[in-house]
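Heads up: the structure comes next, in structure tokens.
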Amino acid sequence: MSTVRIDRKGRAAVLRLDKARGNAIDEPLVRDITEAARELGADPSVGGVLLASAHPKLFSPGLDLVTLIELDRGAMERFMLLFAEMVWALYGLPKPMVAGVSGHAVAGGCILALTADHRVLRRGGAQIGLNEVKVGVPLPWSVSELLRASVPPHALSQVALLGRNFADDEALRVGLADELADAAGFEDHCLLRLDEYLEKDLYALVATKTALRHEVLARMKAGERERIGGWLDGWFSDSTRARMKDLAAGLSKPR
């Protein structure tokens, strides 16, 4: 069963995350997102993409600790390289993409949103941020490059080193969101924003987007495998494993 859905709305395609446990990111979700991004990028009938969630109050909480904590070092390395390929596929998508962040987008959920050309955050408490350092996990190489390319320099320390989550005007200030929209009519608002991109000449838009993102994408691909060992050292450190086990235990409790 696929963990994503593609809903067509004219020339717009809604790539909808639709996985149990609020789109917690595991290998099936990573593979499905990557495949969908490549499919949409190659489809001439698609002019643009809205990245959205099927869960009203949760975009994605990040990595699925409940399953990933069981992986050994070799399996985790393989997963993280697949995760990087997903980031590359989304960031390099040869179509305009709007992220409709209707609910909390934390850690990996924030990363998904950052790959978009425009991020709309639901007004009224939806949180977005990178909290990896609080758990004891470094940002992966490709994510560090993505973050540098996405938020203003003055916000990097707050977002990456303090691991804070942001909402409303604070999310706009640090560059994690480009605009806010009310919950009522949220997806329609996001589609209207995507329509602004669809009105442009697609060839000119894609050529410009590709040029703007080419160097960042090249650095991601050049450095990911070389630096994965340092990331794994953090993931498998005793202190980080202890924190993650506590988090995973809380997530596994019946609700």
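Give the residue that is modelled with the lowest pLDDT, with candidates limited to residues of segment 134-143 that are assigned to a helix (DSSP H, G or I) and open to solvent by less than 30 Å² (accessible area, probe 1.4 Å). So that I can check it myself, show each step before the final result.
Residues of segment 134-143 assigned to a helix (DSSP H, G or I): 134-135, 141-143.
Subsequent filtering for residues that are open to solvent by less than 30 Å² (accessible area, probe 1.4 Å) retains 135, 142-143.
Details: Val135: 89, Ser142: 97, Val143: 97.
Checked segment 134-143; the qualifying residue modelled with the lowest pLDDT is Val135.
Would you confirm whether or not segment 62-83 contains a residue that is open to solvent by 30 Å² or more (accessible area, probe 1.4 Å), in contact (Cβ under 8 Å) with a residue 24 or more places away in the chain and touching a Ser or Thr at 6+ places or on another chain (Cβ under 6 Å)?
yes
Which of (1) over 22 Å from Trp141 (Cβ atoms); (2) surrounded by fewer than 23 Cβ atoms within 10 Å (Cβ to Cβ) is the odd one out, the single condition Phe59 does not satisfy?
Result: Phe59 fails condition (2) only.
Restricting the first residue to segment 127-140 and requiring it to be farther than 14 Å from Ala242 by Cα, which pairs with a second residue that is among the polar types (S, T, N, Q) meet a Cβ separation below 6 Å and a spacing of at least six or different chains?
Gln127/Asn165; Gly129/Asn165
Within the set of pairs 6+ apart or on separate chains, which have a first residue in segment 227-252 that is open to solvent by 70 Å² or more (accessible area, probe 1.4 Å), a second that is modelled with pLDDT of 95 or more, and C-beta atoms under 7 Å apart?
Every condition considered, the pairs that remain are Arg227/Trp141.
So, in segment 1-33, of the ones that are open to solvent by 10 Å² or more (accessible area, probe 1.4 Å) and β-branched (Val, Ile, Thr), which residue ends up farthest from Val120 (Cα to Cα)?
Among those residues, the one meeting the criterion is Thr3.
Filter segment 155-178 for residues that are in a loop (DSSP other than H, G, I, E, B) and open to solvent by less than 70 Å² (accessible area, probe 1.4 Å); which is nearest to Val135 (Cα to Cα)? Quick ask: steps written out before the conclusion?
Start the filter on segment 155-178 by keeping residues that are in a loop (DSSP other than H, G, I, E, B), which leaves 162-164, 167, 174-178.
Going one step further and asking which of them are open to solvent by less than 70 Å² (accessible area, probe 1.4 Å), we end up with 163, 167, 174-177.
Values: Gly163: 9, Ala167: 20, Val174: 21, Gly175: 23, Leu176: 20, Ala177: 23 Å.
Ranking the candidates gives Gly163 first.
Taking the stated definitions as given, is Gly230 small (Gly, Ala, Ser) and assigned to a helix (DSSP H, G or I)?
Working: small (Gly, Ala, Ser): yes; assigned to a helix (DSSP H, G or I): yes.
Taking the combined requirement at face value, the residue satisfies it.
Given (1) more than 10 Å from the chain's Cα centre (by Cα); (2) modelled with pLDDT of 95 or more, where does Tyr91 come up short, assuming only one miss?
Of the numbered conditions (1) more than 10 Å from the chain's Cα centre (by Cα); (2) modelled with pLDDT of 95 or more, the odd one out for Tyr91 is (1).
Mind listing whichever residues of segment 35-46 are surrounded by 20 or more Cβ atoms within 10 Å (Cβ to Cβ) and under 11 Å from Met86 (Cα atoms)?
If the condition is that a residue be surrounded by 20 or more Cβ atoms within 10 Å (Cβ to Cβ) and under 11 Å from Met86 (Cα atoms), then Ala36, Ala37 are the ones that fit.
The values are calculated or read from the model by the stated rules, or taken from the named source; none is laboratory data. Just so we're clear, the structure is a prediction, and the values are computed from it rather than from any experiment. Neighbour counts run over all protein chains shown; Cβ positions are idealised from the backbone, glycine included. Side chains included, ligands, DNA and RNA excluded: accessible areas come from the protein's heavy atoms. Shrake-Rupley method; radii C 1.70, N 1.55, O 1.52, S 1.80 Å.
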